[in-house]
């Protein structure tokens, strides 16, 4: 397989940046000579939410498909702390790594967790994007039984939740026109993901985002009248007490469990590739170690790569220490994992 550019961040020349002011404009320049991309497909509507761009996707189709059931699909879920980021982060060189093998790529947007939107809403949108693709499978010649997800950071968390949580879960009910769709996920690649809102004694370190009391307003979509400290959030019992103080439509502790991928891994879960930097404290590497441990206990197929000397973005914060894997190597490993699992035992025409 040929070398690829990074799939973690956009690759834009200085000239491109000078010509464009927004990420979408940057993408317009990058994509304009790529013939098989369907731009700005709105996959749902939400009452009272007017930003169609946040409920849309770009779909990159293969130039040919040799599979009688249609093209497998990789769904890219962007990061940005659940409250930021955008979908315009891949480049044609990366697309071609999939499309030349008959695999489609969907880069999706979702509502951002702010102004009353919660992480649960982000996840519902990710699920609805997948359901939309399953519903439109015949129109785009896609195979709804061969889906995969990939994402970094917040995108890694949403990637795991999207792939692991059953489509029929009541809390994930979104657009009523998509409810009956059941896309099948064959694998997921999660890079530096949050894996639990609970169990800080096993999964967090002092600087982790879940040690910040205000982060729970974003996660849970509610508020608490109870003050909390980092020390309280550092213990299992203290964190559960603080979460339980939130006023939400469903019990907040149940919602925290629902949004924790660790609660959804079972023996029947699809294969997962988990990648984390050994010095990451923003989303602590301890979480991925914990996830791998309980995955092994449950006989779940999780491959774990810990990148020595790497922080959250897989770069080193110490100029004298080099990460054990380059970003290009991690990209190649991720691509190989997705392609291998998506095309395993596939029939050809």
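The values are calculated or read from the model by the stated rules, or taken from the named source; none is laboratory data. Model, not experiment: these values are computed from the prediction. In this analysis, Cβ positions are derived from the backbone assuming ideal geometry, glycine residues included, and neighbour counts consider all displayed protein chains.
Miscellaneous remarks
- All told, residue 172 meets the bar of being surrounded by fewer than 24 Cβ atoms within 10 Å (Cβ to Cβ), assigned by TED's automatic domain parsing to the domain that holds residue 118, touching a residue at least 12 places away in the same chain (Cβ under 8 Å) and out of contact with any strand residue (DSSP E or B) (no Cβ under 8 Å at 6 or more places or on another chain).
- Of the residues making up segment 58-84, those that are on the phi > 0 side of the Ramachandran plot and out of contact with any strand residue (DSSP E or B) (no Cβ under 7 Å at 6 or more places or on another chain) are 80, 81, 82.
- Candidate set: segment 184-222, residues that are without any contact (Cβ under 8 Å) to a residue 60 or more places away in the chain and in contact with a helix residue (DSSP H, G or I) (Cβ under 6 Å, 6 or more places away or on another chain); chosen: the one surrounded by the most Cβ atoms within 10 Å (Cβ to Cβ): 200
- Verdict on residue 249 being at negative phi and in a helix (DSSP H, G or I): no
- The residues on offer are 207, 181, and the sole one that is modelled with pLDDT under 95 and part of a loop (DSSP other than H, G, I, E, B) is 207.
- Residue 283 meets the conditions (1) on the phi < 0 side of the Ramachandran plot; (2) at pLDDT below 95; (3) touching a helix residue (DSSP H, G or I) at 6+ places or on another chain (Cβ under 8 Å) in every case but one. The failed one is (2).
- Within the option set 126, 107, being crowded, with 20+ Cβ neighbours inside 10 Å and closer than 20 Å to residue 177 by Cα holds for one residue only, 126.
- Inter-residue pairs, beta-carbon under 6 Å, first closer than 19 Å to residue 139 by Cβ and assigned by TED's automatic domain parsing to the domain that holds residue 129 and in segment 40-62, second in a loop (DSSP other than H, G, I, E, B) and modelled with pLDDT under 95, 6+ apart: 61/36
- Screening residue 232 against (1) surrounded by 16 or more Cβ atoms within 10 Å (Cβ to Cβ); (2) at pLDDT 95 or above; (3) assigned to a helix (DSSP H, G or I) leaves a single unmet condition, (2).
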